[in-house]
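I have placed the structure first, in the form of structure tokens, so that the comments after it can refer back to it.
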Amino acid sequence: MPAYSKMDYQTHTLANGIRIIHQMDTMPIHYCGFAVNAGTRDELEGEEGMAHFIEHMLFKGTKKRKSWHVLNRLESVGGGLDAYTTKEETFVYATVPNLYVERAMELLGDVMFNSTFSPHEIKKETDVILEEIQLYNDSPSELIYDDFDEQVFAGSSLGKNILGNEKTLASFTSGDAVRFMERCYTTTEMVFFSMGNVAFDKIVRWAEKYFAVPRSERLFKRQKPVAYAPTHVTQTKDTCQAHCIVGNRAFGIDDENTTAMFLLTNILGGPNMSSYLNLAVRERRGLVYTIESSYVPYSDTGIFTIYFGCDEKHIDKCFLLIDKELRKVMEQPLDARHLLVAKRQTAGGLLIESQNKESLALSMAKSFLHQNRFLPYEAVIEKVSAVTAEQMCNVAQQLFAPENLSRLIYK
């Protein structure tokens, strides 16, 4: 495969421990924001949904701005704020024309360090999140992933639903939110990321001005998930078709098998119509509309899943076909031609994805947050090209044995 040039990036650490990563880009807009090493798995008993709740509340007023002023500050110049929560991170970021980067950084500093969590806004936003939960519950193809997480990570905070539940949400107070932020939103667990056509020295100078809060350090360590025991679960749901997942725990973000796992997942059920599972179950037999595999690495573990939806009478047949494809990759390494095709497909997909600058900025932030470095997509492609057929076969043998797989069926 060709050698690609590496993107340069610049980094700096503020006196209070906040790390900064900046990537120059000639585009006329700028992406910048905070990546915080705090998510659902950091919630204590009775705090279920708190990380996601705070993500919402950060836009609902600060010591000097009401909710409307927070939203209008960037929208009035054509930009905007956005945020999302995962099991391990919270992202709060802005998209603005390059002319307004300082404005965005001042606002981001205000919402991150001066939010007030007023009781009035808490009541309104709780109702909004309850509506979000109801909407999510009406989407079985999405809900099943959360239920499967709870099954595979039973007894661990990684199994918690990001949105929380009605009981805990109704109990949240301003003090609860402040305590969670003091415990989890420490400066040494924050990264400020920036991508656009603004000089790095300006980014650092504005960060020193608007993020000048006292240094704080995390006083707890995340607990590794408890031992895993595969289970098969069937739930009765009022749906038109059956929804099914099969999977296993997988490798963490720093594991030597992560790249091979990524490539293998793409081969099995990635976005290409020629993926093994799509050909075997949909194209040749017409048993499903959607079948896909996914791999999500966390800081100390991961999860691999295969999802499909089908007529209830085809469930067993689909599982048999999936088992057959998994056995193939466990028992026989790919030949050189098929491996080369798979790497080319993956490389092309990664290059196309790298043109989505918002996604690229967020990936840069996440990588720097957890690993204190960033491998641009070109470097990831080179790592993919180095994966051998034997490595993928070994990964498959570690994860895909039928006795190690859990199942969840909605029907």
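The values are calculated or read from the model by the stated rules, or taken from the named source; none is laboratory data. Just so it is clear, the structure is predicted and the values come from calculations on it, not from any experiment. Because the Cβ atoms are built from the backbone with ideal geometry, glycine has one as well, and the counts that use them run over all protein chains shown.
Check region 185-201 and report whether any residue there is over 30 Å from residue 236 (Cβ atoms), assigned to a helix (DSSP H, G or I), touching a residue at least 24 places away in the same chain (Cβ under 8 Å) and out of contact with any strand residue (DSSP E or B) (no Cβ under 8 Å at 6 or more places or on another chain). Scanning region 185-201 turns up at least one residue that is over 30 Å from residue 236 (Cβ atoms), assigned to a helix (DSSP H, G or I), touching a residue at least 24 places away in the same chain (Cβ under 8 Å) and out of contact with any strand residue (DSSP E or B) (no Cβ under 8 Å at 6 or more places or on another chain). Taking the residues in region 91-103 that are under 12 Å from residue 192 (Cα atoms) and not aromatic (Phe, Trp, Tyr) as candidates, determine which candidate is nearest to the chain's Cα centre (by Cα). Going through the qualifying residues, I end up with 92. Please go through region 278-304 and give me each residue that is among the small types (Gly, Ala, Ser) and not in a strand (DSSP E or B), ordered by number. Hits for region 278-304 are 280, 286, 299.
For region 369-398, taking the residues that are in a loop (DSSP other than H, G, I, E, B) and crowded, with 16+ Cβ neighbours inside 10 Å, the one that is modelled with the lowest pLDDT is identified as 376. Filtering region 5-19 to residues that are at pLDDT 95 or above and either assigned to a loop (DSSP other than H, G, I, E, B) or in contact with a Leu (Cβ under 7 Å, 6 or more places away or on another chain) (or both) leaves 14, 15, 16, 17, 18.
What number of residues within region 177-203 are surrounded by fewer than 18 Cβ atoms within 10 Å (Cβ to Cβ) and either under 18 Å from residue 93 (Cβ atoms) or not aliphatic (A, V, I, L, M) (or both)?
8
Scanning region 24-65 for residues that are in contact with a Lys or Arg (Cβ under 9 Å, 6 or more places away or on another chain), over 30 Å from residue 223 (Cα atoms) and not aromatic (Phe, Trp, Tyr) yields 25, 27, 29, 60, 65.
Scan region 305-364 for residues that are assigned to a helix (DSSP H, G or I) and touching a strand residue (DSSP E or B) at 6+ places or on another chain (Cβ under 8 Å) and report the count.
Here the count works out to 12.
Residue-level check: of (1) assigned to a helix (DSSP H, G or I); (2) under 21 Å from residue 207 (Cα atoms); (3) within 23 Å of the chain's Cα centre (by Cα), residue 54 misses just (2).
Condition test on residue 157, is it surrounded by fewer than 21 Cβ atoms within 10 Å (Cβ to Cβ) and touching a Pro at 6+ places or on another chain (Cβ under 7 Å)? Against the criterion (surrounded by fewer than 21 Cβ atoms within 10 Å (Cβ to Cβ) and touching a Pro at 6+ places or on another chain (Cβ under 7 Å)), residue 157 does not qualify. Selection of region 249-270 for residues being of a type outside the set (A, V, I, L, M, F, W, C), outside any helix (DSSP H, G or I), surrounded by fewer than 19 Cβ atoms within 10 Å (Cβ to Cβ) and in contact with a strand residue (DSSP E or B) (Cβ under 8 Å, 6 or more places away or on another chain) yields 252, 255. If the condition is being of a type in the set (A, V, I, L, M, F, W, C) and in contact with a Leu (Cβ under 6 Å, 6 or more places away or on another chain), then region 272-297 contributes 277, 280, 281, 291. Among the residues of region 147-177, those identified as in contact with a strand residue (DSSP E or B) (Cβ under 9 Å, 6 or more places away or on another chain), under 28 Å from residue 127 (Cα atoms) and in a helix (DSSP H, G or I) are 147, 148, 149, 151, 158, 177.
When restricted to residues that are assigned to a loop (DSSP other than H, G, I, E, B) and surrounded by 13 or more Cβ atoms within 10 Å (Cβ to Cβ), region 108-146 contains 3. Tell me yes or no: at least one residue of region 276-284 is surrounded by fewer than 22 Cβ atoms within 10 Å (Cβ to Cβ), β-branched (Val, Ile, Thr) and over 25 Å from the mean Cα position of the chain (by Cα). No, every residue in region 276-284 fails to be surrounded by fewer than 22 Cβ atoms within 10 Å (Cβ to Cβ), β-branched (Val, Ile, Thr) and over 25 Å from the mean Cα position of the chain (by Cα). In this structure, residue 352 does not qualify as touching a helix residue (DSSP H, G or I) at 6+ places or on another chain (Cβ under 7 Å) and either of a type in the set (D, E, K, R) or in the same structural domain as residue 304 (by TED's automatic domain parsing) (or both). Residues of region 371-407 that are in contact with a His (Cβ under 8 Å, 6 or more places away or on another chain) and either hydrophobic (A, V, I, L, M, F, W, C) or within 19 Å of residue 353 (Cβ to Cβ) (or both): none at all.
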